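The values are calculated or read from the model by the stated rules, or taken from the named source; none is laboratory data. Everything numeric here is computed off the predicted structure, so don't read it as measured data. Every residue, glycine among them, receives a Cβ derived from its backbone with ideal geometry; neighbour counts consider all protein chains shown.
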């Protein structure tokens, strides 16, 4: 394998000059840099990353912290981030910071302190005060997807507004007995769940209706199990559901079908996401594009790498209403 | 922030000795190492990873390449890998090598050559010859999850055997008109799909029945769309399906419900996976534990880091049959 000495010899420069040319130093003329880069390419020479990092103070690496990987939203965000970093020639180091685990504690107290990245993207992290302080103390740019902090740049949808619009869609169809499914299984609530419940509550209050909350894990089987129980009691069954996300909404639709409750004739369901399964379940939903959120977060981070600390920015993406066949007027309004 | 000079001063040694003590060099006495480590701990000093890497030739980082992130199997494997690496104090750098993309080409031709990792885990990669040659040329240990190569250690289930057992379960219930759903939408077939189809074909041949293949994308909506079309034609409808994976199987069950075909009375369905949705759809399946595969692959890789090239090993995990309520004798056998 070729070393820096071979590259220098072929380009007819000193080792020091070859090294400077390849690490992007400004002390080398463009002409020399080109000659060295050509020599490196011809020899198939790839500089040792450790050496480049020491010379430049840059790792060419971005850390991504997320509380879970096996959910549609997080996987989509991650793919958007990965594609963007790849385009910029940056590596992605992944930190799986599941809440309440020893692993999460080690990430914040040990891994982050190593600073093996030029910047960080935190996805749906809901950091506590200690964790937030750790994040800020590392002195690298941080961009958050979901989550909220006055000190960190953020890419997100307006969760409260999205849930408010979902609820208003059902109110416009003449529903009055509308329950919110999701959140409330953890204390405190996940920030996203709380923001969406608040949007639902506001829309209900503005229409003069009492809110009703059905706690549910944020997953398809979780929504299914809760809905089987709630929907099977005809005396208590609402005419419509606002689900905290599409996975919970789809779980509720599968439960309704199992109970022979027709959707939308006997039950309307609206979600938030536009999950990849939304179309096959004809789910009305407020669509967000998590992949685009990942791309936007990565672009925002890349633009700030190596620059002086900039003021945090907030980048809000719009959630759009898609009406499919899971929502209709309630039976009472149709007679 | 404290530097190595501060640590050296506090420990009463030279900078060179302090550096050697912290990078694990054997040229330092245990006593000195302890003094330096205590000084570093007191000052909150974390060594620059780049400097440690240059000094030790180790990156404390493992690369993970997978063709996609947003599928249950891959997310579970990744979580198993991540948890294991974290326990060993190793970082995880993720490479999303979607087939046929410019990103994948860059990963193999550029990113891997940088060698920013001590070893690699390749998950379901199906590398072509050029890519395999690149993998082997980097001279770092590689462990594969799924995939197959005589040159690389591998952690996997026996896909052919799993599909054979799934088919034999249906044959034992007296089904004869059994179709295989999945694979065949790409050329060449994905290796896993081909291995599972082969298991189905063998079981059918041994029982003297003709195989029948229904091509399908490997996804829940893909299986749904294909099954809606195939199952709606009562003249051609098989009495049972072996699905290439649980996502395709669940798509087929949802399709059957939409078409008012009762499962299992009118159609039996068996999958391979034991996906997190399998239970709520009462799916009979050959269960694999992708999280355990991720853990096993990471442990295997960690055990070989820094050692001389060892002979490739093959670690096969067993797939277990779980019978739920998606399989029953065909109507003809019950009358």
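Summary of computed values
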| quantity | calculated |
| --- | --- |
| Residues satisfying the stated conditions in the range A:191-226, i.e. closer than 16 Å to residue A:267 by Cα and touching a strand residue (DSSP E or B) at 6+ places or on another chain (Cβ under 7 Å) | A:212, A:214, A:223, A:226 |
| Members of the range B:265-274 that are touching a residue at least 40 places away in the same chain (Cβ under 8 Å) and either in contact with a strand residue (DSSP E or B) (Cβ under 7 Å, 6 or more places away or on another chain) or surrounded by 24 or more Cβ atoms within 10 Å (Cβ to Cβ) (or both) | B:268, B:269, B:270, B:271, B:272, B:273, B:274 |
| Unmet criterion (only one of (1) at the interface with another protein chain (Cβ under 8 Å from one of its Cβ atoms); (2) closer than 25 Å to residue B:185 by Cα; (3) surrounded by fewer than 17 Cβ atoms within 10 Å (Cβ to Cβ)) for residue B:128 | (1) |
| Qualifying residue in the range B:317-324 (condition: in contact with a strand residue (DSSP E or B) (Cβ under 7 Å, 6 or more places away or on another chain), surrounded by 20 or more Cβ atoms within 10 Å (Cβ to Cβ) and touching a residue at least 24 places away in the same chain (Cβ under 8 Å)) | yes |
| Filtered residue count, the range B:90-103, keeping only those that are surrounded by fewer than 21 Cβ atoms within 10 Å (Cβ to Cβ) and more than 8 Å from chain A (Cβ to nearest Cβ) | 5 |
| Matching residues, the range A:104-117, being more than 8 Å from every other protein chain (Cβ to nearest Cβ) and either in contact with a strand residue (DSSP E or B) (Cβ under 6 Å, 6 or more places away or on another chain) or touching a residue at least 40 places away in the same chain (Cβ under 8 Å) (or both) | A:112, A:117 |
| Test set (1) closer than 22 Å to residue B:199 by Cβ; (2) surrounded by 15 or more Cβ atoms within 10 Å (Cβ to Cβ); (3) touching a residue at least 40 places away in the same chain (Cβ under 8 Å); (4) touching a helix residue (DSSP H, G or I) at 6+ places or on another chain (Cβ under 7 Å) - residue B:292 fails condition number | (2) |
| Options A:287, A:297, A:255: the member that is modelled with pLDDT of 95 or more and within 24 Å of residue A:165 (Cα to Cα) | A:287 |
| Check on residue A:37, within 14 Å of residue A:10 (Cβ to Cβ), more than 11 Å from chain B (Cβ to nearest Cβ) and either modelled with pLDDT under 85 or in a strand (DSSP E or B) (or both) | yes |
| Residue list for the range A:161-172, filter: surrounded by fewer than 24 Cβ atoms within 10 Å (Cβ to Cβ) and out of contact with any helix residue (DSSP H, G or I) (no Cβ under 7 Å at 6 or more places or on another chain) | A:165, A:169, A:172 |
| Of all residues in the range B:58-82 being more than 28 Å from residue B:246 (Cβ to Cβ) and crowded, with 23+ Cβ neighbours inside 10 Å, the one that is farthest from the other protein chains (Cβ to nearest Cβ) | B:62 |
| Filtered residue count, the range A:208-223, keeping only those that are away from every other protein chain (no Cβ under 14 Å) and farther than 17 Å from residue A:187 by Cβ | 5 |
| Test for residue A:85: is it buried (at least 24 other Cβ atoms within 10 Å of the Cβ), assigned to a helix (DSSP H, G or I) and more than 8 Å from chain B (Cβ to nearest Cβ) | yes |
| Sole residue being more than 28 Å from residue B:273 (Cα to Cα), at pLDDT below 80, in contact with a helix residue (DSSP H, G or I) (Cβ under 6 Å, 6 or more places away or on another chain) and within 14 Å of chain A (Cβ to nearest Cβ), chosen from B:53, B:48 | B:53 |
| Within the range A:239-271, tally of residues that are under 20 Å from residue A:218 (Cα atoms) and more than 14 Å from chain B (Cβ to nearest Cβ) | 11 |
| Residue within the range B:69-87 that is within 18 Å of residue B:307 (Cβ to Cβ), within 12 Å of the chain's Cα centre (by Cα) and at pLDDT 85 or above present | no |
| Residue check for residue A:302: away from every other protein chain (no Cβ under 14 Å), buried (at least 19 other Cβ atoms within 10 Å of the Cβ) and either closer than 22 Å to residue A:243 by Cα or touching a strand residue (DSSP E or B) at 6+ places or on another chain (Cβ under 9 Å) (or both) | yes |
| Qualifying residue in the range A:185-192 (condition: under 23 Å from residue A:226 (Cβ atoms), in contact with a helix residue (DSSP H, G or I) (Cβ under 6 Å, 6 or more places away or on another chain) and at pLDDT below 95) | yes |
| Test: residue in the range B:196-207 that is over 29 Å from residue B:128 (Cα atoms), more than 14 Å from every other protein chain (Cβ to nearest Cβ), modelled with pLDDT of 95 or more and out of contact with any helix residue (DSSP H, G or I) (no Cβ under 9 Å at 6 or more places or on another chain) | yes |
